[in-house]
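Report on one structure; see the data block that follows.
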Amino acid sequence: MTTPIITMIHTVFPVVDNLKAIFEKKLRNQPVTIYNIVDDSILPRIVAAGGLSSEIVSTVYQHISSAEKMGSNLILVTCSSISEVVDIVSPLVSVPVIKIDDAMTDEAIKIADTLGVVATIETTLNPTINQLRKKMAIAEKEIKIVPILCSDAYKALINDGDPEKHDLLLYKAIEEIIENVDAIVLAQASMARLLPKLIKFTNKPILTSPESAVEKVMSLLNLGVE
């Protein structure tokens, strides 16, 4: 049997090791080859352009096409800021291309009537909300979305290199709205590390994308999930 190949496309480096660890835990020594393509120019270019541009779409397509040519059986795009590009370019390749937040947003639609959506950058917040609204329309369900944009947290992490301040600002923002929503969506995969502390001060669902995305990938490739 040929060993399946999964290629992940990232826009930041910290997510690489996090997802690798989740795959290793879930795979339980099943033979799978995992490749990573990291392009950390994408997010700054999106910010500079004020959103997705044709150049960004072309760049993401080139990475996806490269992953296909590498023999990938499935491609996982790990940045929510470029999730909407997946809808545009996935019909152009012959292998499945999965958004990291797809399973998470599916779950959010099922469990919430009022949903807090948290991001540190507008180019992630808006695509996540757009994806939720598309799924609301398909499900014929009306959900109130409470957006939280913590730009100061992004600056603390990217400009100041201060992850502790980044996390603290996010905790405070979430605490302010947690009583008014049914669940929280952490729109960026890098936020998943907040989960252990968040679940200590609320029993409401806190949805993150990395584990649910890995489980979806494994299900599509008929690999056992822990």
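Could you please report the charge total around Met104, scoring K, R as +1 and D, E as -1 over all other residues with beta-carbon less than 13 angstrom from its beta-carbon? The answer is -2.
When a/c reaches 1.5 or more, the comparison of a/b and b/c decides; with that in mind, is segment 54-208 rounded, prolate or oblate per its Cα gyration tensor? It comes out oblate by the Cα gyration axes. At an R0 of 35 angstrom, the distance between the Cβ atoms of Asn159 and Ser65 translates into a FRET efficiency of 0.60. Judged by the mean number of other Cβ atoms found within 10 Å, the most tightly packed of the peptides 88-96, 19-27 leads the ranking 19-27, 88-96.
Taking Asp39, Asp160, Asp101 as the candidate residues, the one with maximal mean-square fluctuation in a Gaussian network model of the chain, Cα springs under 10 Å, is Asp160. Bridging of Lys110 to aspartates and glutamates at a Cα separation below 20 Å is possible for Asp101, Asp102, Glu140, Glu142, Glu179, Asp182, Glu211, Glu215, once same-chain residues fewer than 8 apart are set aside. Our estimate of slack between Val146 and Lys197, defined as 0.36 nm per intervening residue step minus the Cα-Cα distance, is 16.3 nm.
How would you order 129-140, 108-119, 65-76 from highest to lowest mean count of nearby Cβ atoms within 10 Å?
Details: 129-140: 14.6, 108-119: 20.1, 65-76: 18.2.
Ranked by mean Cβ neighbours within 10 Å, highest first: 108-119, 65-76, 129-140.
Report, in listed order, any pair from Lys25/Lys134; Lys155/Lys197; Lys144/Lys204; Lys144/Lys165; Lys155/Lys216; Lys20/Lys141 with a Cα-Cα distance greater than 27 Å. From Lys25/Lys134; Lys155/Lys197; Lys144/Lys204; Lys144/Lys165; Lys155/Lys216; Lys20/Lys141, over 27 Å: Lys25/Lys134; Lys144/Lys165; Lys155/Lys216; Lys20/Lys141.
Let's test the formula: R0 of 41 Å, r as the Cβ-Cβ distance of Thr3 and Lys110. What FRET efficiency results, to the nearest 0.05? It would help to have the intermediate numbers written out before the result.
Details: r = 34 Å, r/R0 = 0.83.
The calculated FRET efficiency here is 0.75.
Could you compute the FRET efficiency for Lys20 and Tyr171, with r as their C-beta to C-beta distance and R0 at 22 Å, rounded to 0.05?
On the way: r = 26 Å, r/R0 = 1.19.
Efficiency computed from Cβ-Cβ geometry: 0.25.
Here segment 102-208 is treated with +1 on each Lys and Arg Cβ and -1 on each Asp and Glu Cβ, and its dipole about the Cα centre works out to around 140 debye.
Given the -39500 (n - 2.57) contribution per DSSP H run of 4+ residues, what per-residue ellipticity at 222 nm results for the chain, rounded to the nearest 500 deg cm²/dmol? Show your work: numbers first, answer last.
Values: 10 runs with 114 residues, N = 226.
Theoretical 222 nm ellipticity from helices: -15500 deg cm²/dmol.
Can you grab the distance from the C-alpha centre of segment 134-167 to the C-alpha centre of segment 1-23, Å, no decimals? Each part's Cα centre sits 23 Å from the other's.
Rule-based calculations on the coordinates, nothing more; no lab input. All figures in this text were calculated on a predicted structure; none of them were measured in a lab. A quick note on method: Cβ atoms are made from the backbone with ideal geometry, for glycine too, and the neighbour counts reach across all protein chains shown.
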